[in-house]
Amino acid sequence: MAQKICLISLGCSKNLVESEHILYAVKKFGYDLTGDINDADIAIINTCGFISSAASESIRFIIETGKLKKDGKLKYLLVTGCMVERYREELLKEMPEIDAVVASSDPEDIVRAIKSIHDSTKLFDIKEVENIKEYPRILSTPSYMAYVKISEGCNNNCSFCTIPSIKGRYKSRTIENIVKEVDTLSREGIKEIVLVAQDTARYGIDIYHRNAIADLLRALAPVNGIQWIRIMYCYPEAITDELVEVIKEQPKICHYLDMPIQHCSDRILRSMHRDSSRENLITIIEKLRKNIPDIILRTTVMVGYPGESEEEFNELIQFMKEMRFDNVSTFAYSREEGTEAYNLPCQIKSKVKTRRKQKIMLIQKEISYNENCKKIGNIYDVLIEEKTSEGKYRGRYYGQAPEVDGVFYVNSKVDLIPGKFVRVITKKANTYDLEGDFYEKDGTCQ
Ligand code: SF4
């Protein structure tokens with residue numbers, strides 16, 4: 001009887017794609033998959049470790065899963081992912097419950113590690129490959145949506161970030177390979193693809209020697225069956241006029257952009273090694289809104305960066321009030337070993353960081369709510385995801401990315417099918433979610 005493997009995927013959507021490759025590899029080599037850790041013979045944890053809190057969460061999962069080896073059916077525990085890239089020696093020394101640590105971007109190295117687990121090799125430290133290995137995957141997302149990772153690594157070297165040291169330099173997949181994959185996904189019924197990378201705006205910089213994200217989008221737009229193409233993690237300064245143009249001209253590309261700005265103070269942006277400035281951030285945002293009036297903008301900001309004064313924090317507050325982003329993720333600066341910012345003077349006390357984070361989130365709640373209220377009366381195509389226990393349907397319109405943004409509740413007397421798009425007239429709004437009525441083509445509400 002085949003051994004059963006349970007994979008726990010932590011962290012971001014890019015890590016999830018890697019987990020999906022691992023699922024395919026272990027299945028290909030004859031292992032069964034189970035979603036129930038208590039039913040598994042072998043557990044694989046694909047860790048996250050780019051900041052300490054993520055690393056702590058990974059350690060918690062390793063400890064909890066390790067306990068099952070004593071009590072239960074579980075025989076082996078393998079650990080891979082970003083935490084391994086940062087702390088492989090510490091993991092081996094301090095966590096005896098781990099049977100193997102696999103530092104590799106080749107999903108089949110996990111299988112090799114499983115097969116040789118008996119010979120007590122604990123560290124499988126495979127050198128980084130030059131190019132991203134094209135490899136099939138078993139999707140773990142709903143049947144109508146898939147993340148598509150278009151590149152690995154990052155060349156930006158922001159002073160607070162560990163990712164370049166974990167994932168290395170920017171490595172793009174070719175346009176041909178990505179189109180081939182998306183074509184396969186559309187044949188499997190995928191309607192929405194979410195393009196992810198550390199920095200999608202710089203896609204192609206290594207293999208095409210220019211930002212080729214606009215070319216990639218033009219190549220993806222004709223793929224039959226795909227109805228939504230969404231772009232996440234878009235580095236603001238790398239947003240070109242060409243990219244704005246292609247979002248405007250190609251109807252399948254969601255008028256939605258996730259573009260992390262981190263801050264708006266010129267001094268702090270310089271210290272972060274972000275080639276941004278307050279002025280050109282405003283220019284980019286105005287250019288996007290002028291060319292694509294219904295664009296929905298998500299961003300990420302960081303508070304409590306070393307040396308951030310009350311004035312600079314208030315400058316960020318003012319900037320958020322003026323720019324009125326639709327959705328915002330707020331992070332408190334996390335002091336990470338191996339980053340340049342780790343050694344900066346004037347590290348901010350955590351209670352100050354917490355206060356600043358809460359203040360930004362409070363202000364943003366009001367902005368998100370007011371922006372949502374402006375949508376009442378509008379008619380949108382909503383991708384239905386499921387029926388709720390209250391009898392409503394839950395879905396998303398183009399302005400809501402999976403997992404990170406709000407949702408759209410739909411009232412309908414007729415049955416709606418998950419994975420299908422329906423027309424909805426917006427009736428209610430709250431801070432993050434919208435609600436509306438199913439809107440028949442003939443304009444009647446059902
Ligand atoms: S762009 Fe993002 S992933 Fe790249 S170094 Fe900066 S914060 Fe890290």
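The values are calculated or read from the model by the stated rules, or taken from the named source; none is laboratory data. All values reported here derive from a predicted model rather than from experimental measurement. Neighbour counts run over all protein chains shown; Cβ positions are idealised from the backbone, glycine included. All accessible areas refer to the heavy atoms of the entire protein, side chains included, with ligands and DNA or RNA removed. Shrake-Rupley method; radii C 1.70, N 1.55, O 1.52, S 1.80 Å.
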- prompt: Taking LYS359 as the anchor, which aspartates and glutamates have their alpha carbon closer than 17 Å to its alpha carbon, excluding any fewer than eight residues away along the same chain?
  reply: GLU308, GLU310, GLU311, GLU312, GLU315, GLU322, ASP326
field: Charge-dipole axis of the chain as Lys and Arg at +1 and Asp and Glu at -1 on Cβ define it, positive-most pick from GLN3, THR431, CYS346
entry: THR431
- request: Restrict the search to the range 175-205; then list the GluC sites (Glu not before Pro) that DSSP places in a loop and that have at most 13 other Cβ atoms within 10 Å of their Cβ.
  value: GLU188
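Charges at C-beta only: +1 for Lys and Arg, -1 for Asp and Glu. How large is the resulting dipole of the chain about its Cα centre, in Debye rounded to 20?
600
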- prompt: How much mean residue ellipticity at 222 nm does the chain get from its helices, if each DSSP H run of length 4 or more adds -39500 (n - 2.57) and you divide by all residues, to the nearest 500 deg cm²/dmol?
  reply: -10500 deg cm²/dmol
statement: To the nearest 0.05, the calculated FRET efficiency linking ASP215 and GLU337 through their beta-carbon distance, R0 being 56 Å, is 0.90
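With the full set of protein chains in place, find how many percent of the accessible area of the range 4-125 is carbon and sulfur; take the probe as 1.4 Å. Present the calculation step by step, with values, prior to reporting the outcome.
Values: 2740 of 5050 Å².
That fraction is 54 percent.
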- prompt: Given the range 379-442, what count of lysine pairs have C-alpha atoms under 18 Å apart, with each pair 8 or more places apart or on different chains?
  reply: 11
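Evaluate the relative contact order of the chain (contact order divided by residue number), counting alpha-carbon pairs under 8 angstrom at least 6 apart; express in whole percent. The partial results should precede the final answer.
Numbers: 875 pairs, mean separation 40.8, N = 446.
With pairs under 8 Å counted, the relative contact order is 9 percent.
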Debye, to nearest 20: dipole size of the range 307-363, +1 on Lys, Arg Cβ, -1 on Asp, Glu Cβ: 420
- prompt: Considering the alpha-carbon set of the range 379-442 alone, what are its Rg and its Dmax in angstrom?
  reply: 10.5, 33
message: Given Cβ point charges of +1 (Lys, Arg) and -1 (Asp, Glu) and nothing else, what value in debye, to the nearest 20, does the dipole of the range 1-84 about its Cα centre take?
response: 200
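For the range 4-125, what proportion of DSSP beta bridges, expressed in % and rounded to the nearest 5, is antiparallel?
Details: 0 of 19 bridges.
The antiparallel fraction comes to roughly 0 percent.
Considering only DSSP beta bridges with both partners in the chain, what is the antiparallel share in %, to the nearest 5? Show your work: numbers first, answer last.
Working: 20 of 64 bridges.
So the antiparallel bridges in the chain amount to around 30 percent.
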query: Nearest-5 percent of antiparallel DSSP beta bridges in the range 145-373?
result: 10
- prompt: Given ALA40, THR184, VAL26, which one lies farthest toward the positive end of the charge dipole of the chain, if we put +1 on the Cβ of every Lys and Arg and -1 on the Cβ of every Asp and Glu?
  reply: ALA40
message: As a test question: what accessible area, to the nearest 10 Å², does SER172 have when a 1.4 Å probe is rolled over all protein chains in place?
response: 10
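By accessible area of protein heavy atoms, probe 1.4 Å, what ranking do LEU10, LEU33 get, highest first? Mind dumping the intermediate values first?
Details: LEU10 10, LEU33 65 Å².
Largest accessible area first, the list is LEU33, LEU10.
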query: If ligands, DNA and RNA are left out, what is the accessible area of LYS28 with a 1.4 Å probe, given in Å² to the nearest 10?
result: 120
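Could you tell me which of the pairs LYS4/LYS115; LYS93/LYS149; LYS4/LYS180 are separated by over 25 angstrom between their Cα atoms in the structure shown? Spell out each step's value before the answer.
Numbers: LYS4/LYS115 14 Å; LYS93/LYS149 33 Å; LYS4/LYS180 31 Å.
Long pairs (Cα-Cα over 25 Å): LYS93/LYS149; LYS4/LYS180.
Full extension from GLU386 to SER165: what is 0.36 nm times the residue separation minus their Cα-Cα distance, to one decimal in nm?
75.6 nm
For the range 171-306, what is the accessible area per residue in Å², given a 1.4 Å probe and the full set of protein chains? Walk me through the intermediate numbers first.
Values: 4790 Å² over 136 residues.
So the range 171-306 comes to 35 Å² accessible per residue, rounded to a whole number.
Could you give the length gained by full extension between MET361 and LYS180, i.e. 0.36 nm per residue of separation minus their alpha carbon distance, to one decimal place?
61.1 nm
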